[in-house]
Every structure is written in structure tokens, then in C-alpha cells.
Amino acid sequence: MGDYFERRLDDKRRLAIPTELRDEFKSGVVLTVGFKDYIHLYSRAVWEQMVEPQLKGNILDEATADLNVRFRMGKAESLLDAKQGRIQIPQHLLEHAGIEREVVAVRAGDYWRLSRKE
């Protein structure tokens, strides 16, 4: 289960993170649109240590500017629900990924990709 899990969103668009993965997100979570039709899920620690520095590249570099717009426009931050380890996913991100209820989560290095179940 360490690199893959499937879950069903509840009526409030909340995703339950598996118990064994919750420590990874104890610093909080950052959700953004993915490069394709999925959502990126980062721990706040990974976002601050790995993503933010990359987004602070040359301000005149169009690729860096495009990444800034893409990641910040749809960005959402939250904490895990302490009791049940859930995060709420904003509707605009679900629509971007085409997710209605069933979510597939796959680790992609230091972050997760959330997509609809085929």
C-alpha cells in the first residue's frame, strides 16, 4: 500500500489518507492541478523544500512563469483531519482531474498523483 491506494470521496469531497501514510502529511498538504488530467498531492514539507525553490527560478524564464501560474492558480492547502486523516479536495481540482467519487492515488517520487478510477 505504500505507493498506491484507492479511496471513495465522501459527500463533502474528503479523501481519507491511509493510516500508514498519515505521518507523511503531518506538516499539512498542498494540492495543485497536475500536468495532465490528475491532481498533485504534496506534503507541505515537500512543497516548501522542493517545489517552491523551483518556482523561484528566473522570473523572465517563460517555463518557470508557466509553472508558477499553473501550480498557484489551482493551489489549495489544508491540514489532515486529526481524527480520521481526511483532506478536502476543492471542486475545481476534482473537475480538472475528472474525479467524481472514486480516486486512485499513485506515488510519483516525493508527491502523489490523484486521478479518477478508470
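Roughly how many nanometres apart are two label points built 7 Å out from the Cα toward the Cβ at MET73 and GLN88?
The two pseudo-label positions are separated by 2.4 nm.
Per residue of region 72-80, what does 6.51 cos²θ - 1.76 cosθ + 1.60 with θ = phi - 60° give for ³J(HN,Hα)? Whole Hz please, x for Gly and Pro, Karplus curve as stated.
Whole-Hz 3J(HN,Hα) from phi for region 72-80: 7, 5, x, 5, 9, 10, 7, 10, 5.
Return the distance in nm (one decimal) between the two label points of a simple spin-label model at ARG116 and ALA63, each offset 7 Å from Cα along Cα→Cβ.
Roughly 3.1 nm, to one decimal.
Taking only DSSP H segments of four or more residues, each worth -39500 (n - 2.57), what value at 222 nm results for the chain once the sum is divided by all its residues, to the nearest 500 deg cm²/dmol?
Mean residue ellipticity at 222 nm (helix-derived): -5000 deg cm²/dmol.
Taking the Cα atoms of the chain, what is the range of coordinates along each of the three principal axes, in descending order and whole Å?
43, 28, 22
Points 7 angstrom from Cα along the Cβ direction at GLU48 and ASP10: gap in nanometres?
In this crude label model, GLU48 to ASP10 measures out at 2.7 nm.
Over the chain, what is the relative contact order in percent, taking alpha-carbon pairs closer than 8 angstrom and at least six residues apart?
38
If the reach is capped at under 13 angstrom between alpha carbons, list the aspartates and glutamates near LYS26, excluding any in the same chain fewer than eight residues apart.
GLU77, ASP81
Assigning unit charges at the beta carbon (Lys, Arg +1; Asp, Glu -1) and nothing else, what dipole magnitude in debye, to the nearest 20, does the chain show about its Cα centre?
For this selection, approximately 360 debye.
Show me, for region 46-56, the HN-Hα J-couplings you get by feeding each phi into the Karplus relation (A = 6.51, B = -1.76, C = 1.60, θ = phi - 60°), rounded to Hz, glycine and proline as x.
Whole-Hz 3J(HN,Hα) from phi for region 46-56: 5, 4, 5, 8, 10, 7, 3, x, 5, 6, 9.
Rank-order 20-32, 42-54 by packing density, defined as the average count of other C-beta atoms within 10 Å over each peptide's residues, highest first.
The densest-packed peptide leads the list: 20-32, 42-54.
Any read-out appearing in this document is the output of simple, stated calculations on the displayed coordinates, not a laboratory observation. Predicted model, so just to flag it, every value in this text is computed and none were measured. Backbone-built Cβ (ideal geometry, glycine too); neighbour counts: all protein chains shown.
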